[in-house]
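Accompanying notes for the structure given below.
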Amino acid sequence: MPEGWDGTTRDPDEVHYEISMKEDERLYQEFVQRMNFNKKKMAGEVKCHKYSRRRPSEGWNFTVEKLGARGKRGGGGGWKFVSLPDGSSRPLNEMEKMYVRRETPRRRRKILP
């Protein structure tokens, strides 16, 4: 027996309740973080006006991913850049790099049944 143990155990329902409360709080915080990210509140770049959603007069910019040597995406050798409407290209800016990093899913612990 461990030293200082008085011989009582905690109720399993109490333990499961505490674990589920921690899990709920963590999932809620992740949801709020992702919602703020999707609203672009993180960088102060909120675009909700109806005219900001229209096609720009010069055209759209597209993010292009060039495949790697073995035809792999992401960590397999490909890289991304932005193709401009005039046919030229430029590297990703900080906001676009943040979106690329966000494409990879987060590892999560298994939620108890």
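Computed quantities for the displayed model
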item	result
Test: residue in region 45-61 that is closer than 29 Å to R108 by Cα, surrounded by 11 or more Cβ atoms within 10 Å (Cβ to Cβ) and at pLDDT 70 or above	no
Failed item in (1) at pLDDT below 80; (2) open to solvent by less than 50 Å² (accessible area, probe 1.4 Å); (3) farther than 30 Å from E23 by Cβ, with W79 passing the rest	(2)
Inter-residue pairs, beta-carbon under 9 Å, first within 11 Å of F62 (Cα to Cα) and in region 85-103, second of a type outside the set (D, E) and loosely packed, with under 10 Cβ neighbours inside 10 Å, 6+ apart	P85/P56; P85/W60
Some residue of region 13-35 being open to solvent by less than 90 Å² (accessible area, probe 1.4 Å), assigned to a loop (DSSP other than H, G, I, E, B) and either at pLDDT below 80 or of a type outside the set (K, R) (or both)	no
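The values are calculated or read from the model by the stated rules, or taken from the named source; none is laboratory data. These figures come from a predicted structure and were not determined experimentally. Reconstructed Cβ throughout: ideal geometry from the backbone, glycine too, with neighbour counts over all protein chains shown. Ligands, DNA and RNA are excluded from the accessible area calculation, which covers all protein heavy atoms including side chains. Shrake-Rupley method; radii C 1.70, N 1.55, O 1.52, S 1.80 Å.
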